[in-house]
1. Using label points projected 7 Å from each Cα along Cα→Cβ, tell me how many nm separate Tyr81 and Glu23, to one decimal.
2. Starting from the Cα-Cα distance between Lys50 and Asp16, subtract it from 0.36 nm times their residue separation and give me the gain in nm to one decimal.
Amino acid sequence: MESHAEFLRRVTLDDDLIAAIREDYLTAPLTGPERAICDYVVQLTKDAVKITPAHHERLRAAGFDDTAILQITLIASWFNYINRVADALGVGRELANEVGDSIKPSV
């Protein structure tokens, strides 16, 4: 999820919004359509087989057509996929370890 947040931060340039979403997107200052996307993407990420037509209807009720629903699904799925690939290969861990090691007190 961190890479999702970093991508959104770079797109919106709104650090406060990103901090609020990281804290709890349910209490973040999102529009109805933005919250509908987040609800859908959270379910998609947690357990995609539990996505039902009702999820798609909620997106339609928020103003999204079938093309938009497909795009939301593809983008979220791609982010999930590529993040799992990166995690499995340790991409970014070296930097995280270097930063972590540089701020640890020496013993």
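All of the numbers you see were taken from the coordinates with simple rules; none came from a lab. None of the values given here were measured: they were computed from a predicted structure. Every residue, glycine among them, receives a Cβ derived from its backbone with ideal geometry; neighbour counts consider all protein chains shown.
1. Distance between the two pseudo-spin positions: 3.5 nm.
2. My answer for the length gained is 9.1 nm.
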